[in-house]
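J.: First the structure, which I've put down as structure tokens, then a few questions once you've had a look.
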Amino acid sequence: QVDAVVNGVDAVAAAMRRSYDCILMDMHMPEMDGRTAVGEIRRGGYAGPVLAITADVIPESQQGHLMAGCDRVLI
């Protein structure tokens, strides 16, 4: 089953409500960006894989996504 949300706030709420096998996180969302959302999700106890979905090709930006708690960056 796939759940979709429209912003980072809703992503955090969904991750706190339900256990997911994997989270695909858009890194540029309204209301709360992906890095902040991933941090909140990790602090909430989610230990599964989080894959950053982004068009960021700058290595420093990709590294920032990983440091925020993502396991991989998909471009």
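J.: As a test question: what accessible area, to the nearest 10 Å², does Asp26 have when a 1.4 Å probe is rolled over all protein chains in place?
T.: 70
J.: Sticking with this structure for a sec: Principal axes first, then extents: for the Cα atoms of the chain, list largest minus smallest coordinate on each axis, whole Å, largest first.
T.: Over the chain, Cα extents along the principal axes are 33, 23, 22 Å.
J.: Using the basic label-point model (7 angstrom from Cα toward the beta carbon), what is the Ser19 to Ala55 distance in nanometres?
T.: 3.7
J.: Given the protein chains as shown and a 1.4 Å probe, how many square angstrom of His28 are accessible, to the nearest 10?
T.: 120
J.: A follow-up question, please. Quick one: among Arg18, Arg35, Arg43, which has the greatest mean-square fluctuation in a GNM of the chain with alpha-carbon springs under 10 angstrom?
T.: So, out of Arg18, Arg35, Arg43, the one fluctuating most is Arg18.
J.: If you place +1 on the Cβ of every Lys and Arg and -1 on the Cβ of every Asp and Glu, how big does the dipole about the Cα centre of the chain come out, in debye to the nearest 20? Kindly include the intermediate steps, with their values, before the conclusion.
T.: Numbers: 6 positive and 10 negative charges, 52 e Å.
So the magnitude is around 260 debye.
J.: Continuing with the same structure: When the chain is modelled as a GNM with alpha-carbon springs shorter than 10 Å, which of Ala47, Ala37, Ala15 fluctuates the most?
T.: Of Ala47, Ala37, Ala15, the most mobile in the Gaussian network model is Ala47.
J.: Something else now. Summarise the accessible area of the chain (1.4 Å probe, protein heavy atoms) by the percent that is carbon and sulfur.
T.: In the chain, the share of accessible area belonging to carbon and sulfur is 55 percent.
The values are calculated or read from the model by the stated rules, or taken from the named source; none is laboratory data. All figures in this text were calculated on a predicted structure; none of them were measured in a lab. Note that each Cβ is placed from the backbone with ideal geometry, even for glycine, and that neighbours are counted across all protein chains shown. Quick note on the areas: whole protein, heavy atoms, side chains included, nothing else; ligands and nucleic acids left out. Shrake-Rupley method; radii C 1.70, N 1.55, O 1.52, S 1.80 Å.
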